[in-house]
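Notes follow the structure.
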Amino acid sequence: MRFSVRCLEKRTVALKPHVPFALHDPGRVPLAPLPVEATYDTDAIKQNLAMMLRIRRMETLSDQSYKLKKIRGFCHLYIGQEAIPVGMENVLNWQDPIVTGYRDHGWHIVRGGTPFEVFAEMFGRAGGCSKGKGGSMHMYNVKNNFYGGNGIVGAQVPLGAGLAWRFAIENPTAPKNVAVTFYGDGAANQGQIFEAMNIAALQKIPVIFACENNQFGMGTSKKRASYETDFYKRGHYIPGIKVDGMNMLAVQEGTRWAKEHCLAGKGPVVLEFDSYRYMGHSMSDPDSAYRSKSDIQAVRNERDCIAQIKNFLVSEGVMTTDEMEKLDKQIKKEVDQELIKAEQSPPTPMSELYTDIVLGEQYSHRTCQGTVWNTA
Amino acid sequence: MISKFSRVFSKVDKKFFATYRTAKDIPANLEREKMNLFTAVNNALDITLQTDSKALLFGEDVKFGGVFRCSLGLNEKYGNDRVFNTPLCEQGIAAFGIGLASTGVTAVAEIQFADYIFPAFDQLVNEAAKYRYRSGNQFNCGSLTIRTPCGAVGHGAHYHSQSPEAYFAHTPGLKVVIPRDPVQCKGLLLAAIRDKNPVIFFEPKALYRGAEDMVPKADYELELHVADVVKEGTDVTLVAWGAQMRVISEAAAMAEKDGISCEVIDLQTLYPYDLDTLCQSVNKTGRCIISHEAPITCGLGAELTAAIQEKCFLRLEAPIQRICGYDTPFPLVHEPIYLPDKFKVYEGIKKAVKF
C-alpha cells in the first residue's frame, strides 16, 4: 500500500498588512520590536482556512435561521471578523483562558466546540453548549477555558483580567499562561475597563486586553463615541499594539508579540484589531441607517480575510483554486448537516427553568396553586 | 444669564398645557391622532423640546432615532446641541444627567434597556435620590428624567427583558412611573419630565408597537401618584402596571364569564404609589391580586400586599395573592412558562373567590 508522506513545512514570509502595525510605548517596560514576518506551517494554515470558512458558513446559516424565526432573541454575527479567533488560536493554547462579549459563535467552535452546539443553543435545545439556557450570547466551554459569551457590554473585561491574576500570583516573573479579554470599540468607553487596566498594571497580571475595533458601536461610529479612536493607546500607561484584524497572519504575529510580552512577566498589554463587520450589529439592526452598502462592499473587496488567505495560499503554492473550491463545498456540506441535526434535536426540558440558579438549591415553584406543572 | 433662564422658565410655568387626573378625565372633544407607544413617547419628547428650551435628550444611539424609534426625527428638528448620542457608558450617562439637572437643565437621559441600568445604579441611588436631602434643599436634580424600556418582549432572555422597578421603588428620593398605553404614556411622560424630582420612567418595550390608541395631539399631563381604576367591579381587585395590565384585563374578562366581577387598577406611579385608591377598592371587594413580571420575592407586589393588609385587614375575605414571575433569572426559551399569564391570574381569581 502506498501513501504519500505529508511534510509539515514551516515557512516564513514578510508581513505587509493593509493596516500596518503600530506601537504605543508608554516607556514603563521594555518592549519587543513590532513583527515584520510571519511563520506558518502549510498544513495548519489549511486548517485555518477551513475554520474561517466554517465560521462564515455557520454565521450565514444563523442569519437565515433568524430570518425564518427559528432563532428568537438576539443574534450577533461575526461575519468579516473571522481572522481574529483563527489567527489568535495559532498562538494561544487551551490553557489560556479567554472571555468575550456577545459576538461569540466563532469563538465557541474555535475553542473546540461544534456548529451543532452553537445552532442547538440558539434554537433553545438540550444539546446546546449551555443546555439551551443561554442562547446566542452565552456560549461557554469550561473544559477548554472559554469563559463565554457575555451580554452586558464591557462587563467581561474586569472578569478577564481576574482570570489571569492566578498566573501572576503563581509565577510572577514567568507566568505560565495569559488570559485574553475581548471588548469592542463601543465598550472601550466603559469605566470598568479602566479599573481593570489599573489593577492589571499594578499587579503585573498577564492579560491581553483585546479590542476588536469593527468601527461601529452598533449605530454609532467610533469617531462619534470616542475622543481617542486609537484604542491601542487607550491603555495609557499600558503598552499597546495595533494589528490588521482582517489579515490572519498579522493577527497571529500580533498575538504572538502580545503573549510573549505577558509571559515575560512584563504585565498587561492592549491589542487592538482593526476589523470590520459586514452585517449589522445584531439581527435587529438595519445598518442602512449609519453606513452605505458601498462602504461595506469596498472593505469586502479590499480586505476580506478569507479572500486574503486564499490569494496567499495560491501565491505560495500551498493550495490550488480547485482544492479551495472543494474545501468550500465540503465545509458547506458539513455545517449544513450540523444545522439539520440541531433543528431535529430535542428541546431543553422544562425543569431547566428552575435549575442551576444556586448550587444545592431547594427550589419551590410558587404559583397560586402551589405547583407549576406535573413533572411525571 | 440667570434672568434669561428665569424668563424661559416662567414660559413653561404659564401652564399652556392641561393636567388631568386620569385618562378618563381627558375631554372627548380634543383632536386625536392614532399613535402607538413609541410614537406617543416621540410626541411627548417633541413637545418637551419645543416648550422647554432648556430640555436636552441624550443616550446611546438616540440621534438616528433610537433602537425603538422613540427619538425619530428629533435630532433633525432640534439639532446636535439638544439631541445627541453618548458613548456606551450608563454610569456616565446617569451621572452627567444628574450634573446637568443640578444646574437647572431639563435632562432626559435614555438608558437603552432597563437591563443595562445597573452600572448607573450607584449614581441614581446614592447621588440622584439623595441630593436634595443631604444638601438641605440647597441643591437638587429634580429636572432629571431617566427613560428606559423594560419588560418581557417574547424573546429578550436574560438581558433584554428585566423589570427592575423594585430596586428603584425601594429608594426614597426617586419616583418610578410606568404607563400602560399610548394615552397614559404621553401624559405621564410629560408629567414625569416636568416633575421637580428625579423620575425613572419605565416604558414596556412589548407595547412600543403593540399598543395603539387615539392620543390627543395637545400638550397634556396626567397626574402622578394616582392609580387609575380602569374597570370597576365588586368581587376582586386586580392590581398591575405596564404591559401586565393587558394580562389582568384578559383574566378579568375570563372571570366575567363565570360571573365574577373584577375591579382592574393600574398603579401607574409605582413609587410613591396611591395607596388610597387601592385600599378604597379592596375595602369594597375584600379580595386582592397583585401581578407583575418581576420575580415574586421582594417584588413590588410584596410591598403592596403588606401595605394593603395593614389598612384593610378586617375587610379582607381572602389572603392577598401575588401572581408574578418565578424566582429565577429571566429565562430564554422557558419565558412562556415563567411569565404570569392570564391563566395563572384567572386561577388566582377563582382561588380568591372560593376561599
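Taking B:C70 as the residue in question, decide whether it is within 18 Å of the chain's Cα centre (by Cα), among the hydrophobic types (A, V, I, L, M, F, W, C) and within 30 Å of B:A166 (Cβ to Cβ).
The answer is yes for B:C70.
Condition check for A:C129 on (1) more than 14 Å from chain B (Cβ to nearest Cβ); (2) in contact with an Asp or Glu (Cβ under 9 Å, 6 or more places away or on another chain); (3) of a type outside the set (D, E): one failure, at (1). Within the option set B:G187, B:G156, being farther than 20 Å from B:Q268 by Cβ, out of contact with any His (no Cβ under 8 Å at 6 or more places or on another chain), surrounded by 22 or more Cβ atoms within 10 Å (Cβ to Cβ) and among the small types (G, A, S) holds for one residue only, B:G156. Considering only residues of region A:183-214 that are in a helix (DSSP H, G or I) and either touching a strand residue (DSSP E or B) at 6+ places or on another chain (Cβ under 9 Å) or on the phi > 0 side of the Ramachandran plot (or both), which is nearest to the other protein chains (Cβ to nearest Cβ)? Only one residue tops the list, namely A:N189. Just one of B:N80, B:N85, B:N137, B:N126 is free of Cβ contacts under 8 Å to residues at least 40 places away in the same chain, more than 14 Å from chain A (Cβ to nearest Cβ) and over 29 Å from B:R21 (Cα atoms); which is it? Step by step, each of B:N80, B:N85, B:N137, B:N126 is checked, and only B:N126 is free of Cβ contacts under 8 Å to residues at least 40 places away in the same chain, more than 14 Å from chain A (Cβ to nearest Cβ) and over 29 Å from B:R21 (Cα atoms). Applying the criterion of being crowded, with 21+ Cβ neighbours inside 10 Å and in contact with a Pro (Cβ under 9 Å, 6 or more places away or on another chain) to the residues of region B:88-97, the residue that is nearest to the other protein chains (Cβ to nearest Cβ) is B:C89. Criterion applied to B:G142, B:G154, B:G104 was being farther than 26 Å from A:A188 by Cβ and within 14 Å of chain A (Cβ to nearest Cβ), and the one residue passing it is B:G154.
Go through region A:132-167 and report how many residues are more than 18 Å from the chain's Cα centre (by Cα), away from every other protein chain (no Cβ under 14 Å) and surrounded by 20 or more Cβ atoms within 10 Å (Cβ to Cβ). Number satisfying all stated conditions: 1.
Conditions tested, residue by residue: (1) within 14 Å of chain A (Cβ to nearest Cβ); (2) among the hydroxyl-bearing types (S, T, Y).
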| position | (1), (2) |
| --- | --- |
| B:L278 | no, no |
| B:S281 | no, yes |
| B:A318 | yes, no |
| B:Q321 | yes, no |
| B:G325 | yes, no |
| B:T328 | yes, yes |
| B:Y338 | yes, yes |
| B:V345 | yes, no |
| B:I349 | yes, no |
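Restricting attention to region A:226-243, which residues are over 16 Å from A:T181 (Cα atoms) and of a type in the set (S, T, Y)? If the condition is that a residue be over 16 Å from A:T181 (Cα atoms) and of a type in the set (S, T, Y), then A:S226, A:Y227, A:T229, A:Y237 are the ones that fit. Within region B:62-83, does at least one residue satisfy the condition of being part of a loop (DSSP other than H, G, I, E, B) and in contact with a Ser or Thr (Cβ under 6 Å, 6 or more places away or on another chain)? Yes, region B:62-83 has at least one match. Working only within region B:157-168, note down all residues that are at the interface with another protein chain (Cβ under 7 Å from one of its Cβ atoms), part of a helix (DSSP H, G or I) and closer than 14 Å to B:I117 by Cβ. Once the filter is applied, which keeps residues that are at the interface with another protein chain (Cβ under 7 Å from one of its Cβ atoms), part of a helix (DSSP H, G or I) and closer than 14 Å to B:I117 by Cβ, region B:157-168 yields only B:Y159. The set of residues from region A:329-351 being among the β-branched types (V, I, T) and touching a residue at least 12 places away in the same chain (Cβ under 8 Å) comprises A:I331, A:V335, A:T348. Filter region B:318-327 down to the residues that are under 25 Å from the mean Cα position of the chain (by Cα) and surrounded by fewer than 18 Cβ atoms within 10 Å (Cβ to Cβ) and list them by number. Residue satisfying the conditions is B:D327 alone. Contact map, region A:26-42: residues that are over 19 Å from A:G267 (Cβ atoms) paired with residues that are hydroxyl-bearing (S, T, Y) and part of a strand (DSSP E or B), Cβ distance under 9 Å, separation 6+ or inter-chain. Pairs shown: A:E37/A:T12; A:A38/A:T12; A:T39/A:T12; A:Y40/A:T12. Checked against (1) assigned to a helix (DSSP H, G or I); (2) surrounded by fewer than 23 Cβ atoms within 10 Å (Cβ to Cβ); (3) in contact with a strand residue (DSSP E or B) (Cβ under 7 Å, 6 or more places away or on another chain), B:V230 meets all criteria but (1). Just one of (1) farther than 26 Å from A:A164 by Cβ; (2) under 21 Å from the mean Cα position of the chain (by Cα); (3) within 14 Å of chain B (Cβ to nearest Cβ) fails for A:G217. It is (1).
A search for C-beta distances below 9 Å between a residue of region A:119-133 that is closer than 16 Å to A:F74 by Cα and any residue that is of a type in the set (S, T, Y) and not in a loop (DSSP other than H, G, I, E, B), counting only pairs 6+ apart in sequence or on different chains, returns A:F119/A:S62; A:F119/A:S65; A:M122/A:S62; A:M122/A:S65; A:M122/A:Y66; A:F123/A:S65.
Conditions (1) of a type in the set (A, V, I, L, M); (2) at pLDDT below 95; (3) surrounded by fewer than 16 Cβ atoms within 10 Å (Cβ to Cβ), marked per residue:
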| residue | (1), (2), (3) |
| --- | --- |
| B:R7 | no, yes, yes |
| B:E33 | no, no, yes |
| B:N36 | no, no, no |
| B:Q50 | no, no, yes |
| B:V67 | yes, yes, no |
| B:Y78 | no, no, no |
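Taken together, the criteria place A:E170 among residues that are surrounded by fewer than 21 Cβ atoms within 10 Å (Cβ to Cβ) and under 24 Å from A:V91 (Cα atoms). Scan (1) surrounded by 23 or more Cβ atoms within 10 Å (Cβ to Cβ); (2) touching a helix residue (DSSP H, G or I) at 6+ places or on another chain (Cβ under 8 Å) for the single condition B:D235 breaks and write down its number. Of the numbered conditions (1) surrounded by 23 or more Cβ atoms within 10 Å (Cβ to Cβ); (2) touching a helix residue (DSSP H, G or I) at 6+ places or on another chain (Cβ under 8 Å), the odd one out for B:D235 is (1). Is it true that B:A114 is crowded, with 20+ Cβ neighbours inside 10 Å, touching a Phe, Trp or Tyr at 6+ places or on another chain (Cβ under 8 Å) and within 23 Å of B:A211 (Cα to Cα)? Yes, satisfied.
For region B:20-40, taking the residues that are touching a residue at least 40 places away in the same chain (Cβ under 8 Å) and among the charged types (D, E, K, R), the one that is nearest to B:I178 (Cα to Cα) is identified as B:R21.
Of all residues in region B:118-155, those satisfying the criterion of being out of contact with any Gly (no Cβ under 7 Å at 6 or more places or on another chain), assigned to a loop (DSSP other than H, G, I, E, B) and closer than 30 Å to A:R72 by Cβ are B:A152, B:V153, B:G154. For A:K69, the conditions (1) surrounded by 17 or more Cβ atoms within 10 Å (Cβ to Cβ); (2) without any contact (Cβ under 8 Å) to a residue 12 or more places away in the chain; (3) basic (K, R) are fulfilled apart from (1).
The values are calculated or read from the model by the stated rules, or taken from the named source; none is laboratory data. This is a predicted model, so every value here is computed, not measured. We place every Cβ from the backbone using ideal geometry, glycine too, and count neighbours over all the protein chains shown.
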